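The values are calculated or read from the model by the stated rules, or taken from the named source; none is laboratory data. In this text, all values refer to a predicted model and were calculated from it rather than measured experimentally. No Cβ is skipped: glycine too gets one built from the backbone with ideal geometry, and neighbour counts run over all protein chains shown.
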Amino acid sequence: MLPSIKDIMKMRKNLGISQKDLASGIGVSQSYIARLEKGEINPPYDKITKIYSYLQKSGDRAEKLDIRAQKLMSFPIMWAYASDSILTCLSTMRKNGFSQMPVMSKDRPNIGTITESGINDLLVNGTSIESLKGMSVKSIMTEPLPVLGKNSPLYALYPLLRYFDAILVSDMGEIVGIVTKADILKAVEAYA
């Protein structure tokens, strides 16, 4: 039995695959995938099979690769400070193409995470842009990102990335890098 459209969308997101990349991988337009995920079209069985197969292969490849966190990670890390204004942090994320940033306090790293979706939720729920100017990152940050050692294998990172947008990488207790879902996909493509 094939998964539902909702399950396929969740699987795509958990793997960090964009609608555009999925569309390209199976030979359809990005708008087709968007309409499919919105429930606007009822795809034929062969399309669902093709989508599911593509996503399954992407996940299987990622789990089989013997790659360590140190090779995947980006560094240096750009941190948001708990005392920063939300709009300043949003500007930094947009400028650098990030959808989230780990948060630190003056003397302690990794006390939380700020995400574009968290900021969006505020706006959708009626918070004005003017109000955001006076709000700090601390007021909307979520739980801290998980931390794994630099020699952690991909198969240890992969399950965590199903539930978190990123993982921080440590070396002898010091945080030295960050691995995102996009980094996993780059590795899968490079070694496929």
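Given the criteria more than 19 Å from VAL103 (Cα to Cα) and at pLDDT 85 or above, does MET135 qualify? Considered against the rule, which asks whether it is more than 19 Å from VAL103 (Cα to Cα) and at pLDDT 85 or above, MET135 comes out as no.
Could you check how many residues of region 84-103 are closer than 15 Å to ALA166 by Cα and either at pLDDT 95 or above or surrounded by 18 or more Cβ atoms within 10 Å (Cβ to Cβ) (or both)?
Narrowing region 84-103 to residues closer than 15 Å to ALA166 by Cα: 93, 97-103.
With either at pLDDT 95 or above or surrounded by 18 or more Cβ atoms within 10 Å (Cβ to Cβ) (or both) added as a condition, the list becomes 93, 98, 100-103.
Residues flagged as closer than 15 Å to ALA166 by Cα and either at pLDDT 95 or above or surrounded by 18 or more Cβ atoms within 10 Å (Cβ to Cβ) (or both) within region 84-103 amount to 6.
If you go through region 112-129 and keep only what is surrounded by fewer than 17 Cβ atoms within 10 Å (Cβ to Cβ), outside any helix (DSSP H, G or I) and at negative phi, you end up with ASN125, THR127, SER128.
Of all residues in region 74-98, those that are free of Cβ contacts under 8 Å to residues at least 40 places away in the same chain have Cβ atoms under 9 Å from Cβ atoms of residues that are among the hydroxyl-bearing types (Ser, Thr, Tyr) and in a loop (DSSP other than H, G, I, E, B), 6 or more apart or on another chain, in MET93/SER99. Among the residues of region 8-38, count how many are within 18 Å of ASP165 (Cβ to Cβ), in contact (Cβ under 8 Å) with a residue 12 or more places away in the chain and part of a helix (DSSP H, G or I). The qualifying residues number 6.
Looking at region 130-146 only, could you name the residues that are in contact (Cβ under 8 Å) with a residue 40 or more places away in the chain and either aromatic (Phe, Trp, Tyr) or in a helix (DSSP H, G or I) (or both)? So that I can check it myself, show each step before the final result.
Pass one, region 130-146, residues in contact (Cβ under 8 Å) with a residue 40 or more places away in the chain: 132-141, 144-145.
Selection gives LEU132, LYS133, VAL137, LYS138, SER139.
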